[in-house]
Amino acid sequence: MTLSADTRETPRWERFTPSQRLARFAVYLGMVMVVVWSVRNVRIIPEFLYDAHNQMADLFTRMWPPDLAYYPSTVHGALIETLHIATLGTILAIVMAVPVGLMAARNIVPFRLVNEFAKLILVASRSVNSLVWALLFVAVFGPGALAGTIAIAFRSIGFVGKLLAEAIEEANAGPIEALTAAGASWPKVLIKGYWPQVQPAFWSIALFRWDINVRESAVLGLVGAGGIGLILDSAMNFFQWTRVATILIAIFTVVILAEIVVTRIRKRLI
Amino acid sequence: MSADTAPQDAAGLRARAFRPDWRMRAIWAGFAVYVVYAAGQLNFTWDRFVIGLDRGAVFLGRMFPPEFARWQLLAEGLLESLQIAVIASAVGILLSLPIGLMAARNLMPVFVTVPARALIALARSFHPIIVAIIFVKAIGFGPLAGIFALILGSIGFVAKLFAEAIEEISLKQVEAVRATGASFMGVVIMGVLPQVLARFIGFSTYQLDSNLRNSTMVGIVGGGGIGGTLFAAFQRFDYDFVAAILICIIAMIMAGELIATWLRKTFQ
């Protein structure tokens, strides 16, 4: 927005410069073209759509009533396993992300090359979806919760590390200088200078990621990485829709509960 | 600690400056205990880890060099993922405008906000992959299921943040527009939208980015796109083809991130 001060000299005020207008127009045109191209080329079988509402209704009638007796025998254990995967994965991610985050923060490590290398690790971690990480680790560690936990951890490094590095870079330099002037060693500066300043951000990042990981760990089982996704997959393969309904309700409840817990703790922390 | 007795000597001062925080230490100890307990529950053993590392080396060795010979299959899958992401973002963001507006508690009566908020909560709490499974079962395999799943996910994210942005606007401008006798749509277009449009574009581009990521995944459950090819390659142990697909997915996602940043700059 170019609201310049000298409006007296230019009586006709325009919100955008011609080049800005051109850029916006180009973006609009480009967006419309991409959407039109997508709609015209996407491989959709229209016959499937005609009875979609019937199929949907059929699916939900098959799901009703949910097989609640299935919960105590199988779903509960899988649900707990999912929560363990999410929590352990988050903790492992933090353990790995702290050194990378420190390396990425420019006020901690004053070498550009190290910063860029750390940022590369963070970007690589974020660019691979957690399901892909899970596929990779299932191939490495075999099916099970270990693959899921490590997949969650690797996926979260990028998120935690990036936000942590940003929080560290925003830390006030005053206390750091005071500690350095008093002759504090390097670990002491980190623990007594940076940590108290970064702590609120740290907890809120960790909680936020845990909330996301609870959602993500619920689907890891679809590729064999443990948790509730595993029994969801098998219930669907056997067309046991009432069990599927129970599992979906369980996932829904846990996700909502996790969100409530996170909001509560955040309110108390901040 | 004797905080109230104002210690005279330097030693006392130093002791007060960095008092041990027993509550925090207890929390850390609790975490340590939990890690050991949960790792035991999930049967993590060091042996499994070490065996896995050996297998991982073999696995990595088989991934290189990546095999691009079946590039046609690869390009087809990537384009389909792109189409899914574009259509889902366009429809999802357009639908988010009215739904987000309906969910804003400062503009709408309760009987409108409650259903809109329930819809948003429902759309938000399931992972797009799980929603994709349901749609695959309901409308069959193919990109349409993926598109529907991502539309729902987009509504959950964009409409929620849009509603929150609307709830934070200044009502003075809304009142001013209303005082001129503007209709409801006039109030929305002239009083509300200019205040939230910049933020709306911000999280719309974020969602475009996120849809692009997820569109490469919905194929794993049959929702179309490159994910199906990737999963099939994994199950056939075609690890060199897997490597090629992964490289292309990552390249596409990074390109998408660049475009999203550039879009945001254009509209600032």
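Worth a mention:
- Averaged over peptide B:59-71, the number of partner chain Cβ atoms lying within 10 Å of each residue's Cβ comes to 1.
- With at most 15 neighbouring Cβ atoms within 10 Å, loop GluC sites (Glu not before Pro) (DSSP) excluded, longest segment of chain A: A:15-169
- In a simple Cβ point-charge model (Lys, Arg +1; Asp, Glu -1; nothing else charged), the protein assembly as shown has a dipole of about 860 debye relative to its Cα centre.
- From the Kirkwood radius over Cα pairs of the protein assembly as shown, Stokes-Einstein at 37 °C and 0.692 mPa s returns a whole-number translational diffusion coefficient of 126 µm²/s.
- The order of the peptides A:16-28, A:86-98, B:69-81 by mean Cβ neighbours within 10 Å, most packed first, is A:86-98, B:69-81, A:16-28.
- Taking 0.36 nm per residue of separation and subtracting the current Cα-Cα distance, fully stretching the chain between B:Val35 and B:Met190 would add 50.4 nm.
- Chain A packed on chain B takes about 5800 Å² of accessible surface away from a 1.4 Å probe, both sides summed.
- Positive-end residue, chain B charge dipole about Cα centroid, Cβ charges, pick of B:Ile226, B:Ser204, B:Met102: B:Met102
- For the protein assembly as shown, the solvent-accessible area of protein heavy atoms averages 52 Å² per residue (probe radius 1.4 Å; ligands and nucleic acids excluded).
- Over region A:73-122, Cα pairs under 8 Å with separation of 6+ residues give a relative contact order of 24 percent.
- Ranked by how many other beta carbons lie within 10 Å on average, peptides B:202-211, B:257-266 from highest: B:202-211, B:257-266
- Here each label is just a point 7 Å from Cα along the line to Cβ, and for B:Asn106 and A:Trp13 those points are 2.4 nm apart.
- Interface burial in region B:244-268 reaches 50 Å² or more for B:Thr266, B:Phe267, comparing the full protein assembly with the chain by itself; accessible area from heavy atoms with a 1.4 Å probe.
- For region B:211-238, accessible area lost to neighbouring protein chains reaches 20 Å² or more, against the chain alone with a 1.4 Å probe, at B:Arg213, B:Met217, B:Ile220, B:Phe231, B:Phe234.
- Range of Cα positions in region A:62-269 per principal axis (Å), largest first: 70, 38, 20
- Translational diffusion coefficient of chain B (Stokes-Einstein, Kirkwood radius from Cα pairs, 10 °C, 1.306 mPa s): 69 µm²/s.
- Of the chymotrypsin sites (Phe, Trp or Tyr not before Pro) in region A:201-259, the ones in a loop by DSSP (not H, G, I, E or B) with at most 14 other beta carbons within 10 Å are A:Phe238, A:Phe239.
- Residue-wise HN-Hα couplings along region A:81-91, as the Karplus relation 6.51 cos²θ - 1.76 cosθ + 1.60 with θ = phi - 60° gives them from phi, are 4, 4, 5, 4, 4, 5, 6, 4, x, 5, 5 Hz; Gly and Pro carry x.
- Using a probe radius of 1.4 angstrom, the carbon and sulfur fraction of the accessible surface of chain A is 68%.
- Counting only other chain Cβ atoms within 10 Å of each residue's Cβ, the peptide B:136-145 averages 6.
The values are calculated or read from the model by the stated rules, or taken from the named source; none is laboratory data. Predicted model, so just to flag it, every value in this text is computed and none were measured. Don't worry about glycine lacking a Cβ; one is built from the backbone with ideal geometry, like all the others, and counts go over all protein chains shown. Calculation scope for accessible area: heavy atoms of the full protein, side chains included, ligands and nucleic acids excluded. Shrake-Rupley method; radii C 1.70, N 1.55, O 1.52, S 1.80 Å.
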